[in-house]
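The values are calculated or read from the model by the stated rules, or taken from the named source; none is laboratory data. Only a predicted model underlies this, so the values are computations on that prediction, with no experimental measurement involved. When we count neighbours, we look across all protein chains shown, and the Cβ atoms used for this are built from the backbone with ideal geometry, even at glycine. Protein only, heavy atoms only, side chains kept; ligands, DNA and RNA dropped before computing areas. Shrake-Rupley method; radii C 1.70, N 1.55, O 1.52, S 1.80 Å.
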Amino acid sequence: MNSRKMGPVELLHMSVFSQSFSPCGRFLAAGNNYGEIAVFSLSAALSPDASEGSQKPILNFTAHDGPVFSLLSTDTHLLSAGNGEISAWSWAELIKKSTKAAWTRKPNYETSLEIPEINAMIINPKDNSLTVGGGDNNIHIMDMETGVFKSVLKGHTDYIHCLCFKEREGEILSGGEDGAVRIWDSRTNRPVHCIEVFKYEECARPQFGKWISCLATDSDWMLCGGGPSLSLWHLRSMSPTSVFPLPGCQREAVFYQDLIMSVGEGPNVSHCLHGGTVKAQIPCSPSSLNTLALNLKNTEHRVMTVGGSSHQIDVFTNFSYRAFSLSF
């Protein structure tokens, strides 16, 4: 689990896939394609007397054999997903630079030969369960108290890229390579709806494919995109109300106040209005982007961080321009 020095070729080919802020909002964890997690001190990087050293990790360790596609924080732990496994790391221990996993769990896959990647993880706050989706096309639900995987939701016909939770209804939304957004009732684990986004002419982009790589919800609204254009849907009427004219495939989109922020192919964060207009394109260091995270936990360290095909993670204190970059 020790950190090692990256060579120039490894740095050149590094991609950052995942990010998560600590519960206190003072630290950022980022996961890359080499199975490493780096922990950065935002308080040091944002302080008035920050030096170049403040933009380097306080800790860098190998967490998984394969890429770290997803990171998620609970009140006490950082959860990381690698190929076929989820590990938990105590934030209190990480901050003390200790990298012993608190636990590692594997979903119940149908064959022992299968080691599917886990692409997405969300916490269901209603029953404190962890929901994961990935390469075996299924959604696995783990009880966080006992560490036992208690149910499997089957329906996607190809691997799952993204998950999100609609809190008021207690619904899980999943997006996959099969082009479907499936909506599940988390209380009964039954499917509620299936939206095949690529079948809607205004969203379809057959030249890019049909897969869904990003999902977000805000009360009755859903954002989704990937092969199809990024689009805003009203979940009561199950129809797209706005389609955003962004050129590449979008990999992560979030609702923020009256804006929609999105990243994907290309070196920009797009700021869009709900009506469908692209208001601004904010330049970033990586040539292509995978992950966007907002640290809204405390005003002192309120930042947006963006990672992609680079060892650098861009930090925005004002969401309209890059302030500086952290680097692995």
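Key figures
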quantity: Region 161-252, relative contact order in percent, only Cα pairs under 8 angstrom and at least six apart counted; calculated: 21 percent
quantity: 9 Å beta-carbon shell around N137, net charge (K/R +1, D/E -1); calculated: -3
quantity: Subset of K106/K210; K56/K96; K166/K279 violating a 20 Å alpha-carbon distance limit; calculated: K106/K210; K166/K279
quantity: Cα-Cα pairs of region 24-170 separated by more than 22 Å (percent); calculated: 42 percent
quantity: Loop trypsin sites (Lys or Arg not before Pro), region 1-99, which have at most 11 other Cβ atoms in a 10 Å radius of their Cβ (DSSP); calculated: R4, K5, K96, K97
quantity: GluC sites (Glu not before Pro) restricted to region 41-97 and DSSP loop, no more than 16 other C-beta within 10 Å; calculated: none
quantity: The chain: most fluctuating residue of R168, R205, R251 per GNM, C-alpha cutoff 10 Å; calculated: R168
quantity: Charge dipole (debye, nearest 20) of the chain; +1 at Cβ of Lys and Arg, -1 at Cβ of Asp and Glu; calculated: 440 debye
quantity: Accessible surface, the chain, averaged per residue in Å² (probe 1.4 Å); calculated: 42 Å²
quantity: Where only C-alpha atoms are counted, convex hull volume of region 226-298 per residue in Å³; calculated: 102 Å³
quantity: Carbon + sulfur, % of accessible area of the chain - ligands and nucleic acids excluded, 1.4 Å; calculated: 49 percent
quantity: Low-density loop positions, GluC sites (Glu not before Pro), region 179-210 - DSSP coil, at most 15 other Cβ in 10 Å; calculated: E201, E202
quantity: Relative packing of 137-143, 150-156, which averages over residues the other C-beta atoms within 10 Å, highest first; calculated: 137-143, 150-156
quantity: Proximal charge balance of A81 [Cβ under 15 Å; K/R count +1, D/E count -1]; calculated: -3
quantity: Cut-off under 5 Å, modelled amide H: who pairs with S73 long-range; calculated: L79
quantity: Sum of side-chain charges, R236 neighbourhood, beta-carbon under 15 Å (Lys, Arg +1; Asp, Glu -1); calculated: -2
quantity: Linear extension gain, E196 paired with L12, 0.36 nm per residue minus alpha-carbon span; calculated: 62.5 nm
